[in-house]
């Protein structure tokens, strides 16, 4: 006897035999770099040129996974894309993938994204999943505070995050010394002209 169900599963066609299809929810978000730490987290540079850099992203999830309205979805239950510095990052780029990222809900609405991307670098923890970041000097990217980006719904399915942060490498010691020496020479030259 011919088994239609087996044939469909073998050739990869979906089996819609009496089952409703999943309702995939697609959302977008925007973020702006609101904090840049130099050398180590917390060493904030309020005038760094990367402040204000804009990024965009999207995430998708199955509405059937939201039962109580207050779920936290793991990296296998949603897809995530972040575009920043002309580079595309996905949930597979999180430093703790597959344990992260996560997407949290409150009252049935996406509430927060936990997402951190980081390189293999001596200034950073030995993360299990380091990823190269193409922007020179940037060694880590996080959404929101400590990798927890609070989502603000602008309109249905459109969100912004509370901001994002970067960890950048400091100016190498020799170059910093050279630059401070030039500054000192400039100050002395200015004093000499004023006499």
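Readers should treat all values here as calculations from the given coordinates under stated rules, not as data from a laboratory. Model, not experiment: these values are computed from the prediction. So basically every Cβ, Gly included, is an ideal-geometry build from the backbone, and we count neighbours across all protein chains shown.
Between residue 88 and residue 104, the simple label model (points 7 Å from Cα in the Cβ direction) yields a spacing of 2.9 nm. Peptide packing for 39-49, 129-139 was compared via the average number of neighbouring C-beta atoms within 10 Å per residue; ordered from the highest value, the list is 129-139, 39-49. Using R0 = 30 Å, the C-beta based FRET efficiency linking residue 126 and residue 74 works out to 0.85.
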